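For reference, the structure discussed in these notes is given below.
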Amino acid sequence: MKAWFFTEDAYPYLPPDKTYDSIRVDLPSKHYDPAKGADLYDMYLDLWCAADEMGLEIMNNEHHQTATCVVPAAPIMLGILAKRTKRARLLILGNPIANRNQPVRVAEEMAMVDVLSRGRLECGFVRGVPYEAAPANMSAWRGSERLWEAHDLILKAWTTHDGPFNFEGRFFHARQVNVWPRPYQQPHPPVWVTIGSGPSTIPVARHKHIGAVFLAGYAGINAIFDGYRDNWTRFHGTAMPLDRLAYCALVNVAETKAEAERTAEKLIWYVTSNKVPPHWTNPPGYFPPPVAAQILKGGRKLALDTPKLTAEDQMMRGNFFCGTPDDVYAQIKNFYEYSGGFGHLLMMMQAGFLTYDETIKSMSLFTKEVYPRLKELTAKYDPEAMKEARARAKPPGDGTTTDYFGVEFNRKAS
Amino acid sequence: MSTPTTIKLPGVDLPVVRRGKGRPMLLLHGGGGPVVGLPFADRLAERFELIAPIHPGFMGTKVPEHVDSIDDLKFIYLDMMDALDLRDAVVVGFSMGGWVAAELAVMTTARMARLVLVDAVGIKPGGREDRDIADVFGTPADKLARIMWHNLANAPKPAEMSDQALAMMASNREALGIYTWQPYMHNPKLKHRLHRIGVPTLLLWGESDGLVTPAYGEAYRKLIPGAQLVVIPEAGHAPHIEQTDAFVRHLVSFVS
């Protein structure tokens with residue numbers, strides 16, 4: 001098991017949420033104080049550097065026009081981290097390539113980070129969440145098709161070393177593709193793609209890329225992971241190696257249950273602050289019409305748009321691993337076994353007003369007291385033994401959650 | 001609404017509702033979906049043969065792989081008019097369908113005798129920082145209803161709709177996004193081509209339309225030689241729904 005430290009670089013100093021309609025897309029930037037923002041960038045970079053020193057891997061991402069994640073250009077952060085860290089793998093999850101007009105530019109940025117870091121880049125590609133459609137001014141219709149066409153162009157750009165090639169696709173055109181630098185890693189950096197239930201796992205398994213799932217919880221995880229494993233076997237005739245699947249959850253470790261509860265309340269800001277109205281969550285062409293219809297009706301809540309859910313609720317759902325080191329190990333182990341296993345744990349360990357010291361404490365307890373046990377657990381992964389463990393594992397609560405990230409990639413993928 | 005029949009055209013099976021008898025009148029619907037089943041169409045069917053295609057993607061219909069623009073719709077309807085051998089047709093386009101109708105007319109009016117644009121989109125009269133057309137995809141539902149309807153009682157109420165009706169509404173919204181997302185609701189070239197329209201043209205506009213205002217209608221009118229603009233009081237973006245009598249009266253009088 002590889003564990004990845006992740007923070008979304010939020011800007012939490014906002015007015016009372018009753019005073020604005022949305023934390024995303026149209027929240028005026030007058031609420032952003034650049035001096036506070038600069039301090040926050042320093043803090044987040046320091047946390048990632050601490051992760052590097054502790055032995056954790058590093059994950060970052062990008063969003064646009066939002067206080068929840070003030071990194072609209074994740075490759076810039078990665079460029080800094082490439083020089084400030086020594087050993088950690090650097091995961092960007094991911095480049096929103098369905099929404100970017102120049103895949104060749106993405107190939108260049110990623111190749112540059114790979115060389116700067118001497119081959120530590122792990123390169124994720126995502127379609128992007130629905131509220132990215134408006135900031136990107138990009139239609140969500142055929143987003144998966146755009147993602148895969150951009151993916152094909154980027155991989156060919158990374159792996160072609162004998163001069164320009166021509167690419168005139170459905171969505172992207174480049175007649176003289178000849179990227180400098182070429183990537184440090186050969187033939188190219190590992191590729192990650194977010195997956196959901198339905199056909200989205202097919203191309204990811206076919207390419208042998210790492211499939212990553214965000215907050216699907218007990219209710220959603222099996223359909224997605226099993227889909228990937230089945231497709232892997234169908235394409236490659238073997239059992240899927242454990243390191244092809246990743247799960248992202250909130251993680252919070254403390255010395256006592258009481259302290260964990262206190263810091264959990266701060267970390268859960270990531271979920272509770274996500275106030276977004278339906279016209280931003282439901283751009284045309286993103287969700288299949290039956291799902292979009294329920295959002296239009298106002299009868300359906302998205303997983304991330306249910307601010308009233310508590311930390312306890314999210315723990316019951318398998319979206320949050322929280323408590324003492326023993327608690328957290330037991331919770332992750334149960335989820336790991338219930339889901340049939342995965343090789344990467346992507347850990348959102350900082351959000352909202354959780355301080356540097358509180359985050360470092362949680363990271364260090366995880367690294368010292370949870371991580372070694374997880375490594376030991378996954379080192380003895382055996383598909384047959386897993387079947388038995390899986391039959392025993394049960395969700396802690398009623399196992400309910402919404403399928404927000406599950407439907408994200410339900411649309412036809414090439 | 002009558003059941004659509006399928007017209008097989010190159011690259012698309014097009015569902016088309018045909019009803020009424022008389023001179024052919026092509027109805028090109030807007031983002032809200034087909035209008036041929038509405039009361040104003042009952043009245044028109046008494047004197048016209050209504051030909052009302054459903055744009056691919058609307059009402060849950062399939063979108064052919066190559067289709068994603070108003071330009072594609074234009075060529076589909078050029079093919080359809082040939083296939084039906086339409087002559088002297090009255091082409092009536094509503095909102096997004098008005099944009100399609102204008103694109104057809106600048107291409108050729110060989111099969112068209114009259115053009116009617118109802119609260120049509122398709123041009124950008126203002127500067128780059130003017131929001132000429134309200135952003136229907138970036139406006140809260142309650143505010144959008146106030147922009148689009150003179151009388152809020154006429155607006156659809158998703159909370160009271162059946163799941164099936166809601167799914168159609170969502171399908172229509174998705175299809176509208178396919179055709180109008182970017183450039184948003186317009187073709188930057190169209191205003192430079194409207195001078196080609198050589199058939200009598202009527203623009204019918206709801207006085208309370210806040211999506212495309214009567215001033216937008218006036219800008220449109222100025223670009224089409226000899227066109228007239230009639231503004232209908234106490235109607236928003238859908239004067240054919242909110243003021244059926246006035247709408248039918250103006251339309252029939254223009255065509256007669």
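Just so it is clear, none of the values below were taken in a lab; they were calculated from the coordinates. Since we're looking at a predicted model, the values are computed, not measured. Cβ coordinates were reconstructed from backbone atoms using ideal geometry, including for glycine residues, and neighbour counts include every protein chain displayed.
Does any residue in region A:148-163 that is in contact (Cβ under 8 Å) with a residue 12 or more places away in the chain come within less than 7 Å, Cβ to Cβ, of a residue that is surrounded by fewer than 23 Cβ atoms within 10 Å (Cβ to Cβ) and of a type in the set (S, T, N, Q) six or more places away or on a different chain, and which pairs are these?
A:148/A:414; A:163/A:178
Residue-wise test of (1) surrounded by fewer than 17 Cβ atoms within 10 Å (Cβ to Cβ); (2) aromatic (Phe, Trp, Tyr); (3) farther than 30 Å from residue B:140 by Cβ.
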position: A:21; (1), (2), (3): yes, no, no
position: A:44; (1), (2), (3): no, yes, yes
position: A:59; (1), (2), (3): no, no, yes
position: A:67; (1), (2), (3): no, no, no
position: A:80; (1), (2), (3): yes, no, yes
position: A:92; (1), (2), (3): no, no, yes
position: A:96; (1), (2), (3): no, no, no
position: A:99; (1), (2), (3): no, no, no
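Tell me the residue from B:152, B:144, B:104 that is more than 14 Å from every other protein chain (Cβ to nearest Cβ) and crowded, with 16+ Cβ neighbours inside 10 Å, please. Talk me through it step by step, then tell me what you get.
Numbers: B:152 fails: crowded, with 16+ Cβ neighbours inside 10 Å; B:144 fails: more than 14 Å from every other protein chain (Cβ to nearest Cβ).
Of B:152, B:144, B:104, the one residue that is more than 14 Å from every other protein chain (Cβ to nearest Cβ) and crowded, with 16+ Cβ neighbours inside 10 Å is B:104.
Could you grab me the full set of residues in region A:34-64 that are over 18 Å from the mean Cα position of the chain (by Cα) and either in contact (Cβ under 8 Å) with a residue 40 or more places away in the chain or part of a loop (DSSP other than H, G, I, E, B) (or both)?
Selection gives A:43, A:46, A:50, A:54, A:55.
Is it the case, given these coordinates, that residue B:167 is small (Gly, Ala, Ser), part of a helix (DSSP H, G or I), in contact (Cβ under 8 Å) with a residue 60 or more places away in the chain and more than 7 Å from chain A (Cβ to nearest Cβ)?
No; evaluated as a whole, the condition is false for this residue.
Which of the residues spanning region B:229-251 are touching a helix residue (DSSP H, G or I) at 6+ places or on another chain (Cβ under 8 Å) and in a helix (DSSP H, G or I)?
Passing the criteria: B:239, B:240, B:241, B:242, B:244, B:246, B:247, B:248, B:251.
Which of (1) on the phi < 0 side of the Ramachandran plot; (2) out of contact with any helix residue (DSSP H, G or I) (no Cβ under 6 Å at 6 or more places or on another chain) is the odd one out, the single condition residue B:226 does not satisfy?
Only one criterion is unmet by residue B:226, namely (1).
How many residues does region B:170-198 contain that are part of a helix (DSSP H, G or I) and in contact (Cβ under 8 Å) with a residue 40 or more places away in the chain?
Total meeting the criteria: 14.
Which of the residues belonging to region B:108-125 are surrounded by fewer than 17 Cβ atoms within 10 Å (Cβ to Cβ) and either among the hydroxyl-bearing types (Ser, Thr, Tyr) or in contact with a helix residue (DSSP H, G or I) (Cβ under 8 Å, 6 or more places away or on another chain) (or both)?
Correct list: B:108 only.
Could you give me the residue pairs with C-beta distances under 7 Å whose first residue belongs to region A:261-279 and is in contact (Cβ under 8 Å) with a residue 40 or more places away in the chain, whose second residue is crowded, with 17+ Cβ neighbours inside 10 Å and among the hydroxyl-bearing types (Ser, Thr, Tyr) wherever it lies, and which are 6+ apart or on separate chains?
Taking only residues 6 or more apart or on different chains, the pairs are A:263/A:362; A:273/A:68; A:274/A:68; A:275/A:22; A:276/A:22; A:276/A:131; A:277/A:22.
For the list (1) assigned to a loop (DSSP other than H, G, I, E, B); (2) free of Cβ contacts under 8 Å to residues at least 12 places away in the same chain, I need the number of the one condition that residue A:376 fails.
Residue A:376 satisfies every listed condition except (1).
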